[in-house]
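The values are calculated or read from the model by the stated rules, or taken from the named source; none is laboratory data. Here the structure is a predicted model, which means the values were calculated and not measured. All Cβ positions, even for glycine, are placed from backbone atoms using ideal geometry, and neighbour counts span all protein chains on display. Remember, those area values only see protein heavy atoms, side chains included, never the ligands or the DNA or RNA. Shrake-Rupley method; radii C 1.70, N 1.55, O 1.52, S 1.80 Å.
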Amino acid sequence: KYVGKPIKRLEDPKLITGRGSFVDDVQLPGTYYVAFLRSEYPHALVSVKPGPNIFTGFDINPGKDFPIPSREVTYAGQPIAAVVARDRYEAYDLLESIEVNYEPLRHELDPFNAMEDKVKVYSKLESNIYAKKEFVGGEAKKELEESPVVLTGELHNQRVIASPMETRGILAWFDGNRLNVWSSTQSAHYLRRNLVSFLGIQNIRVIQPDVGGAFGSKIITHPEEYAVSFLALKLGIPLKWIPTRREEMLSAGHGRDKWLRYKVGVKRDGTITAIFGSVVGNLGAPYRDANDDDSGNVMSAARMLPGPYRIKHGYVTAYSVNTNLPPTTSYRGAGRPEATYFIESIMDEVAMELKLDPLEVRARNVVRPEEMPYTNPFGITYDTGNYPELLSIARSHYEQLKAEIRGENQCVGLAMYVEITAFGPWETARVYAKYDGRIIVVTGTGPHGQGDATAFAQIAADTLEIPMELIEVKWGDTDIIEDGIGTWGSRTVTVGGSAVLMAAQELKKKLIEAGAKAMEADVEEVEFTEGKIRHKKTGKTMELIEVIKSAYKLGISLDVTTVYPVKKPTSPYGVHMALIEIDKETGTVRVKRYIAIDDVGNVINPLLAEGQIHGGSLQGISQALYETAEFSDGVLQNATFGDYALPTAMESPRFTWKFITNGTSPHPTGSKGIGEAGTVVGTPAVINAIRGCLKSKFSTMPINFETALR
Ligand code: MCN
Ligand code: MO
């Protein structure tokens, strides 16, 4: 059995010995380089003087402002013209020679002002409000009026920037027959579908080479990807675009930037009766691919607001609003970190107000196991789990951490979460046997750092009862499987893995059929054990390799593709806690210890799952303490790693990870996603620890000298 064991990543030997192949490593003879001129203004009418090797919106999308604006720019950093040159240096020189004229227009950066529609962030919009929805359950107004305690406030989950080590990048080549595209993306298939509809041709192959991280920023199809593909098709030469870090930070899509204004009704014992409020997401500039993506996250932030608590009455209005900041896209957690930061801040305010222990307040409010599956007032169902039991396990760690406190500048905080993972609508897997006995697993997902290939090999090896060494996992090429969805929403191991499991079971049936035929027996007369076919009566066995060879000779195909239709997502949950120390002289906060306790159903590979919690939680900690996108007049000011504070190993606390398996999911793997959990809950765990020391309310982050520690 491999599932459940801490197996080292099969992906790693290649990557850590420098043999990975990222998009910029892919070399085609005669490649030209593309660079983009970017708007310096958040809102302006722009005219670019035409010239040789300069392409504008008029060339790429005549008469339209998307993906490349022909006339009206709506954020600083927006690509407004592409240049094509023999190498990068010439390309950037050519950029500097472009004559461009701006007529600045009034801009709006604040989503609350933008909602009033006094300044249209793009002249052709009917309203800056991209989407508005009301989520209503029970009788929130009445309950609120009857509550003895009412807390009100405003919270801002600030704008941050997903910063994978590898930037985006694309190489596109029309070979006269077919458009071949290599892209640093989270899904080759999804990018292909978007390019097919934009370019109007079918013959497109998309390859996802090795990808150095994405964190949600490489889900959507970016304007530059449409533009480079278009130009490659038009010019018939290979074109490559790799942005600089600065360009990446300006335009790869920011994350979060969501607000909550709330009223919460509470009983004296700390039971929350009703939640009332509005969630406002600053989507930034209009760009359909990004806005569709992040508006969905605004809605899920609203619908997940009740968290793991049995709050029966709720009334939340959610607004997705366009402004003249760069567009936002999904960033690790995508709506759930915002909801969790909101409700977990509120839980600690309730504890502070009523002088109750924060863990006790949660214990009084959590959904009980007998209520599972539980549907929250906004219609989100939490499928399985035992929240009180997880809290009681957390309690001993919480007490232990509190005992480690030395001095009044050290405090412990905790946060609980429930989230949604393993989104549909479906996923594919293909499993086939080569004549030489190798088993190939192909997935329609697009792993880019998580180690899912290792998990898939574990699942397939267990199903086929064979050594993992016989298995090879492939992905990221639209030619090797019929179609696919991708890697995001912590879905890959659960829905992609379930598809692999089903395909491996199908292959097993075919192997039994082939083995029986080779032994001239009926299917019922043979059995499959330890990768061999055994005749039940005679005891005669056939090795896997013999069965495979016979199948080929007998004309039995050993190539199966399954599509796993996803009925429902699934809901992991957990409690994370942090011991922090505040240095009031320097205004720095350090996380000394961090303990995470999660229930993600079956854990396929505890080594990889723990790695996800480490990395994810550090990103969550970083939003609490370091990261924020800073603007001056709509222009991003900290667009380098010198200015934008990313966490390093130095900022990483000592981690402890524990898991329980009370809530397996209904998917064939029995697993729930873990890829985002740490980021979902890490931020409020740290914020709540700081609140414990400073005894104050915080409305925005990061917490540093400028914002709170003065
Ligand atoms: N795992 C497990 N048992 C479980 C759940 C997960 O062993 N019950 C393991 C899996 O084997 C897999 C990893 O944990 O190796 C993550 O699996 P899963 O939770 O299915 O998440 P995905 O593979 O779908 O990854 C997506 C998720 C998201 S949405 C973001 S954003 C994110 C994240 O993964 N971006 C990442 N982690 C990242 N890690 C890296 N290195 N780079 C990114 O860009
Ligand atoms: Mo993601």
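Cβ contacts < 9 Å: first residue more than 20 Å from F22 (Cα to Cα), restricted to segment 192-207; second residue of a type in the set (A, V, I, L, M, F, W, C) and open to solvent by 60 Å² or more (accessible area, probe 1.4 Å), any location; separation 6+ or different chain. Result?
none
Could you list, in sequence order, the residues of segment 178-207 that are in contact with a Gly (Cβ under 6 Å, 6 or more places away or on another chain) and of a type outside the set (S, T, Y)?
Selection gives Q186, A188, H189.
Output the number of residues of segment 163-188 satisfying the condition of being within 16 Å of ligand 1 (Cβ to nearest atom) and open to solvent by less than 10 Å² (accessible area, probe 1.4 Å).
So the count comes out to 9.
Which of the residues spanning segment 89-112 are crowded, with 16+ Cβ neighbours inside 10 Å and under 26 Å from T31 (Cβ atoms)?
Within segment 89-112, E90, A91, L94, L95, I98 meet the criteria.
Which of the residues spanning segment 616-640 are out of contact with any His (no Cβ under 9 Å at 6 or more places or on another chain), among the small types (G, A, S) and surrounded by 19 or more Cβ atoms within 10 Å (Cβ to Cβ)?
Within segment 616-640, G616, S622, A624, A639 meet the criteria.
So, in segment 1-17, exactly how many residues are in a loop (DSSP other than H, G, I, E, B) and open to solvent by 80 Å² or more (accessible area, probe 1.4 Å)?
Matching residues across segment 1-17 total 6.
For T669, state whether it is within 11 Å of ligand 1 (Cβ to nearest atom), within 22 Å of the chain's Cα centre (by Cα) and either of a type in the set (S, T, N, Q) or at pLDDT below 95 (or both).
yes
Evaluate segment 674-693: report whether one residue or more is assigned to a helix (DSSP H, G or I), open to solvent by 20 Å² or more (accessible area, probe 1.4 Å) and away from ligand 1 (no atom under 16 Å from the Cβ).
Checking segment 674-693: at least one residue is assigned to a helix (DSSP H, G or I), open to solvent by 20 Å² or more (accessible area, probe 1.4 Å) and away from ligand 1 (no atom under 16 Å from the Cβ).
Taking the residues in segment 529-543 that are polar (S, T, N, Q) and under 48 Å from the mean Cα position of the chain (by Cα) as candidates, determine which candidate is surrounded by the fewest Cβ atoms within 10 Å (Cβ to Cβ).
So, considering only residues that are polar (S, T, N, Q) and under 48 Å from the mean Cα position of the chain (by Cα), the one surrounded by the fewest Cβ atoms within 10 Å (Cβ to Cβ) is T529.
Look at segment 155-176 and say how many of its residues are of a type outside the set (D, E, K, R) and part of a loop (DSSP other than H, G, I, E, B).
Within segment 155-176, residues that are of a type outside the set (D, E, K, R) and part of a loop (DSSP other than H, G, I, E, B) number 8.
Taking segment 222-241 as the search range and keeping residues that are among the hydrophobic types (A, V, I, L, M, F, W, C) and surrounded by fewer than 24 Cβ atoms within 10 Å (Cβ to Cβ), which one is farthest from Q27 (Cα to Cα)?
F230
May I ask you to list the residues in segment 443-463 that are hydrophobic (A, V, I, L, M, F, W, C), out of contact with any Leu (no Cβ under 7 Å at 6 or more places or on another chain) and surrounded by fewer than 24 Cβ atoms within 10 Å (Cβ to Cβ)?
Once the filter is applied, which keeps residues that are hydrophobic (A, V, I, L, M, F, W, C), out of contact with any Leu (no Cβ under 7 Å at 6 or more places or on another chain) and surrounded by fewer than 24 Cβ atoms within 10 Å (Cβ to Cβ), segment 443-463 yields only A461.
Could you identify the single residue in G496, G484 that is touching a strand residue (DSSP E or B) at 6+ places or on another chain (Cβ under 9 Å), part of a loop (DSSP other than H, G, I, E, B) and within 16 Å of ligand 1 (Cβ to nearest atom)?
G484
Which of the residues spanning segment 374-406 are free of Cβ contacts under 8 Å to residues at least 60 places away in the same chain and open to solvent by less than 50 Å² (accessible area, probe 1.4 Å)?
P388
Check F456, F528 and return the single one that is away from ligand 2 (no atom under 16 Å from the Cβ), closer than 28 Å to G616 by Cα and hydrophobic (A, V, I, L, M, F, W, C).
It is F456.
Taking the criterion of being more than 16 Å from ligand 1 (Cβ to nearest atom), touching a strand residue (DSSP E or B) at 6+ places or on another chain (Cβ under 9 Å), outside any loop (DSSP other than H, G, I, E, B) and touching a residue at least 40 places away in the same chain (Cβ under 8 Å), would at least one residue in segment 113-125 satisfy it?
Yes; the residues of segment 113-125 include at least one that is more than 16 Å from ligand 1 (Cβ to nearest atom), touching a strand residue (DSSP E or B) at 6+ places or on another chain (Cβ under 9 Å), outside any loop (DSSP other than H, G, I, E, B) and touching a residue at least 40 places away in the same chain (Cβ under 8 Å).
What do you reckon, is T664 within 12 Å of ligand 1 (Cβ to nearest atom), among the polar types (S, T, N, Q) and open to solvent by 10 Å² or more (accessible area, probe 1.4 Å)?
Here the answer is yes, as T664 does meet what is asked.
Of (1) farther than 30 Å from G663 by Cα; (2) part of a strand (DSSP E or B); (3) not β-branched (V, I, T), G515 satisfies all except one. Which?
(2)
Give me the residue from segment 266-303 that is closer than 24 Å to I420 by Cβ and either among the aromatic types (F, W, Y) or over 21 Å from the mean Cα position of the chain (by Cα) (or both) and, out of that set, most open to solvent (accessible area, probe 1.4 Å).
F276
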